[in-house]
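Encoded as structure tokens, the structure appears first; notes follow it.
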């Protein structure tokens, strides 16, 4: 998205996705990355939701004077906050996949939660889910096949919602264009 939008003044710095399996570690990991990047950039913006930190990420960001995307998690800003609220209202027992999570499902979910070694835990982790919604950012047959396999592995019916990147771009656009018009120095986006 940064390349497609020609935001040559923006650099994306990613944190390990595995932090989502231990959300209590996200706030300090973000703080460390802010400190590591503060001197090199004119500004920093966090492309993270709360992601299960129970408000701790927002506390750290307030202390550091850094803003983040609106929404509780990536599912909300990838689908649009209002659209996600409707999805959650339709069926609270929904497990969500993104393109990234579909691509890395085995590593992040099966191995990450120990289901490869302890399959008996599957009903404990996923027994209350009623569906799997794949929030597809791209129309990619390979990722769709991975989403199908993930749903089958979890024993859930699959629904596919093509979101594209527009909701995320709309959430990032004010930050990126504001940075561009006020200062041509580089900005860091932590994701």
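Among the residues making up the stretch 66-84, those that are over 14 Å from residue 163 (Cβ atoms) and out of contact with any strand residue (DSSP E or B) (no Cβ under 9 Å at 6 or more places or on another chain) are 70, 72. I need the full set of residues from the stretch 124-169 which are over 17 Å from residue 104 (Cα atoms), modelled with pLDDT of 95 or more, in contact with a strand residue (DSSP E or B) (Cβ under 8 Å, 6 or more places away or on another chain) and not in a strand (DSSP E or B), in order please. Answer for the stretch 124-169, where residues must be over 17 Å from residue 104 (Cα atoms), modelled with pLDDT of 95 or more, in contact with a strand residue (DSSP E or B) (Cβ under 8 Å, 6 or more places away or on another chain) and not in a strand (DSSP E or B): 126, 129, 130, 156, 157.
For the condition at pLDDT 95 or above, surrounded by 12 or more Cβ atoms within 10 Å (Cβ to Cβ), more than 20 Å from the chain's Cα centre (by Cα) and part of a helix (DSSP H, G or I), what is the one hit in 110, 121? That would be 121, the only listed residue that is at pLDDT 95 or above, surrounded by 12 or more Cβ atoms within 10 Å (Cβ to Cβ), more than 20 Å from the chain's Cα centre (by Cα) and part of a helix (DSSP H, G or I).
Looking across the stretch 30-49 at every residue that is within 18 Å of the chain's Cα centre (by Cα) and at pLDDT below 90, the one that is surrounded by the most Cβ atoms within 10 Å (Cβ to Cβ) is identified as 48.
Residues satisfying the criterion are absent from the stretch 60-79 (criterion: out of contact with any helix residue (DSSP H, G or I) (no Cβ under 9 Å at 6 or more places or on another chain) and within 23 Å of residue 148 (Cβ to Cβ)). All conditions in (1) touching a strand residue (DSSP E or B) at 6+ places or on another chain (Cβ under 7 Å); (2) part of a helix (DSSP H, G or I); (3) at pLDDT 95 or above hold for residue 175, with the sole exception of (3).
When 57, 19, 15, 87 are screened for being under 27 Å from residue 136 (Cα atoms), assigned by TED's automatic domain parsing to the domain that holds residue 132 and either in contact with a helix residue (DSSP H, G or I) (Cβ under 9 Å, 6 or more places away or on another chain) or not in a helix (DSSP H, G or I) (or both), only 87 passes. Just one of the listed residues (95, 100) is touching a residue at least 60 places away in the same chain (Cβ under 8 Å) and not in a helix (DSSP H, G or I), and it is 95.
The values are calculated or read from the model by the stated rules, or taken from the named source; none is laboratory data. These numbers come from a predicted model, not from an experiment. Glycine gets a Cβ as well: all are built from the backbone with ideal geometry, and neighbour counts include every protein chain shown.
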